[in-house]
Structure formats: C-alpha cells, structure tokens
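Chemist: Below you will find the structure I want to go over with you.
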Amino acid sequence: MNFRKAAYAVPFVLFLLLWGYFIAEKKPLRSDRDYYKHYHIASFEFDGKLTADHRLVVFRKNAPVTGIGGRMAYKFFVKDGKSVARFPIPWNAPEGFYEARVFHPSEKERNRFLGAVFAVTGRKSADVKFPLNAMNWENTKNLKTRRIPAPDGEVKSWEAIFDWLEYMKMDTLLYLTAQTAYFGTSLSEDFPWIKNNLKMLDELCAAAHKRKMRIGAWVACYIVVGKSDGNLGYTYGLDYSLSEDRLKRSRGISIGDSKRLKDIIKVMRQMDTSSADFLGLDYIRPVQGGFELTDEFLEEMDIQLPASLKGSQERALYLAREIFKNKNYALQDMWNWWRSRKSSLCIERIKEEVKSDKPLWAFVLSWQMGHQHGQDPVMFRDAGVDFQAVMLYECDDRQFDNLVSQWKRYNAEGVNFIIGNQIDFDVHQFSETPPAPEKFARRIYEAKKVFKPKGIFVNDLSRVFWGRKGPYTGMEWLAPVKSLIENGEIGSGFVYAGAAKSSPTVYNLEPSTATR
C-alpha cells in the first residue's frame, strides 16, 4: 500500500465528510434567476411545504434588507408541492450581491436551509453625445400651414423653429410626433394617431441635420388629449375621487392595455425609419390612478385584502381608500413601486420589439422622483431608457423646494438627466414678484445643483407664441434661460453649431434674501 498517497487522501476524505455533515443535509433555496434589475420581483422556491412560521428574509453584507413598504420578512405560499416567496427589488437598491435565507423562530430549523445568493445589477445606458440642450415642440396643428415668427420678427414657415434654436444656442429639437386626441371625431382604430406631426417628421429631420442640429421624435403613450374615446378599442384607467369617495374612469388608457402597447410599438417602428437621432416616450405611466389593475397588483405583491370584499371593483375601491383616505403609507409605497414596475415592463417590451439602434429617452415627473405616478428613474434606465427629461412643472415654491430635497436623497448614479421647465404663467402661480419668467429659469438653475444634468430643455416653443404667457412676451420668457446658457450657468457646458444672433444679457438668478 502506498502510505504517502493515503496520507494525501485523508484530508480530502475528511473534507467530504464535513461537507456532507454541514452542507449536504441543508435544504437549498433556489432563485428564479441569478441577477435582477430594479423593476424585477425575485422569486425563491423550496421543494416541499413550509409552515406559516417560515419567512423569507434577504440580507446584504449580512444585514437584513428593508423592502418595499417597510417589509423585512416575506411569506411562503405553496404551489404544486413547492414553497414560493417573492421579493420585489427595493427602490434604488445598491448594486451587488444579496442572499435570501429562510427564517424561523427556531435556530435549529433555520440552520436546515441553504440560502440563495443573487445579484442586483443595473443597465449601462447607450452612448449619447452630451451635453444635449433642447427646445420642445408639443403642438399638433398642421405645421405645413403654420406661420411662425422668427426671433427677428419676420414671419416665416415652420423652418423658423430652427431659427429659435439658434437664437437660444440649443442643439436639439424634441418633437411630439404621435399623439391620440378626441374632440368629437374619432381617429382610426387601426392607427389611432394624429397624422399632422408624423407627416412632417422627415422634413424636420432634414432641416435639423442641415443646420448641424439633432432631433428626437416622441410618442405620447397612455394619454388621450381631450376626452377618452370609446371607439378605439381601449380599456381606460380607473381613478379615485377622494371628495366623492368613488372610482371613476380616467382619460388615460390603462397601462395594462395590450392593444395600446401594440399601437405604440407600431408607430415607433414607423418613426424609427426616419433619420431622427432619438426616439422618446411621454406619459409612459398610468395617467391617473390605475386601479383597474388592482387584482394583478395584489397577486404579484402577495397582498391579502379582507375576504369579505366581493369582486374586483370592491377590492379596487378598498385599495384606493387605504391609499388616499386612510393614508396607509406602506400600501401606498407598494402600489407606487408596482406601478413603476408596470411602466418599466412596457418600456422593456417597446425596446425589445421596436429594435431601434437610436437612443431612447423618456419624460419623467419630478415630485417624489416620479414614484407617485408610477415612474422611477433607475427602473427606467434598467428597462432601456438612455436619458431622462425631468419635468420641473406645476409646483409652487414650497413644493419645488420639497422635490429638490427628495432628489438629494436619491442615488441616481448612472442615470443621464436633462432638466426642464414649462413656459406657463398659470403653473408659475401667476407670479409677478418675482416675474414668472425669472422663476421659470431659476428653477432650472437651482435644480442643476442637485441633478448634475447633461443638458436642459424648454417646454415648449409653441407656448412662446400661443401659450399662457400672462403679462410677459414670449421673448421675456426665454431671455433668462438664454442668459444662463450664454454664461455657462446651466447645461454642464453647451455644444452649439449655429451662429449667435444676439449679445448676452446677464440675469441674476441667485435667490434674494427674504425680508419680513
């Protein structure tokens, strides 16, 4: 017998015995995938039936992870002889490795299980040449017949749009290309889009590129402008009226409507054949409410409502009351997360089926990082959005300060932002002290300190001519933003290919000290 070989074999045999004693007897927990994006729900499975005392707990760096709605432990449910628990990836979860473990009050019982290691990862955005500084065009009237004044006062054709971009030292036009509207006459069920803007896309692309500018074409996804149209074959969303304590149909198409998603994909494929530099999405969210999706939400998030509730309408009304009337913040957080996931899944599907090489952008709301309306920037990046246009619209000074402080606590590393505001006297609280145009620009200036944006946008040029400008001219609305651009105050430095047409005017947008 070769005793030397036997001596080498002994440690190996001991290792196998120890492994068999400590590891092989443990029951493994299995994940449905090795890595997850931020809009995924991780699913963990165990062969056999676990009791009501067993819970799933997720750890990162050996510390339990607080999940959506403050959850830390998740129930197992039995399906086909297997025990399954679900873990929604938390808002803004740090990328890296996590471990899911089976928890039980008994340490001996806990030690019977082998945890499942998984990773949370983020998607890298496509390369886009930044900075990107844009003027929007959000009007759907026929551009062919529009007469538009140029900055020097000369009335011209639609090509004057690009004179304004040059005047503002901007390099990109973001153009509303596809929108559904109903003002008494239905669009075609087969192609439910206003055709005016779509018909002009190729000419606008050519004009932009001739001036060495870029152009993005966007779709208004789940909104119907005007009134909801019952002739298009869509399911509309359900919203909740707190004052009336009832559910009501919204003018937004349900984000769960499969026909609408197919229509969006179809029109975006058509837009992709143009020479547009970017494709974009607006209203990529539940426009109002979303309570028609209550049962799907309850099932995916493993939420139990009282068994006495009969039918989907009663469950939807109960959920809405809990969120808005009873201020159930844990349930509200789960609802917001799930709707953001739903929006992200739509983006993922659009990205997969349109198969465009063009970078994709999305307009996102600014308060609560969009969560209140079913949007999340990190989720959207993971789903396929390459840059996000944050809309600093429709808030008073207190609300604006609050939203900026919320963003300070949000880790958006790896997300490309441009930030913008809307020319609208009404949504700047009819302000004359300070002047509304100054407030309009100041909000972009202040938000830049938090967002570190890759550019800015102004919504939109048609409002310069036909919008709610109050006592100010369109030129007065644009002047403070133009001054900031010329002085390098916003936009992280500007790439501009046109010729300057005016001398700079300097505006002081530092907030003045309040006096009492």
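Chemist: With only Lys, Arg, Asp and Glu charged, each at its Cβ (+1 for the first two, -1 for the last two), find how big the charge dipole of the chain is about the Cα centre; round to the nearest 20 debye.
Modeler: 1100
Chemist: Can you order the peptides 28-38, 245-255 by their average number of other Cβ atoms within 10 Å per residue, highest first?
Modeler: 245-255, 28-38
Chemist: Here's a follow-up. I'd like to compare 126-133, 383-390, 405-412: which one has the highest average count of other Cβ atoms within 10 Å, and what's the full order after that?
Modeler: The densest-packed peptide leads the list: 383-390, 126-133, 405-412.
Chemist: Report the net charge of residues surrounding N421, where surrounding means a beta-carbon distance below 12 angstrom and charges are Lys +1, Arg +1, Asp -1, Glu -1.
Modeler: Values: positive: K439, R442, R443, K448, R463; negative: E394, D424, E438, E446, D460.
Within the 12 Å Cβ shell, the charges total 0.
Chemist: Net charge near Q313, counting Lys/Arg +1 and Asp/Glu -1 over other residues with Cβ under 11 Å of its Cβ?
Modeler: On the way: positive: R246, K310, R315; negative: E292, D295, E314.
So the surrounding residues net to 0.
Chemist: Right, next: Around L132, what is the net charge, scoring Lys/Arg as +1 and Asp/Glu as -1 over all other residues with Cβ under 9 Å from its Cβ?
Modeler: Values: positive: K129, R214, K454; negative: D171.
The answer is +2.
Chemist: Is there a quick way to get the dipole size of the range 70-157? I mean about its Cα centre, with the Cβ of Lys and Arg at +1 and of Asp and Glu at -1; what is the value in debye to the nearest 20?
Modeler: My answer is approximately 360 debye.
Chemist: In straight Cα distance, which aspartates and glutamates are under 18 Å from K212, not counting same-chain residues fewer than 8 positions off?
Modeler: E159, D163, E166, D171, D202, E203, D277
Here, each number is a calculation from the coordinates, and none is a lab measurement. Model, not experiment: these values are computed from the prediction. Cβ: placed from backbone, ideal geometry, glycine included. Neighbour counts: every protein chain shown.
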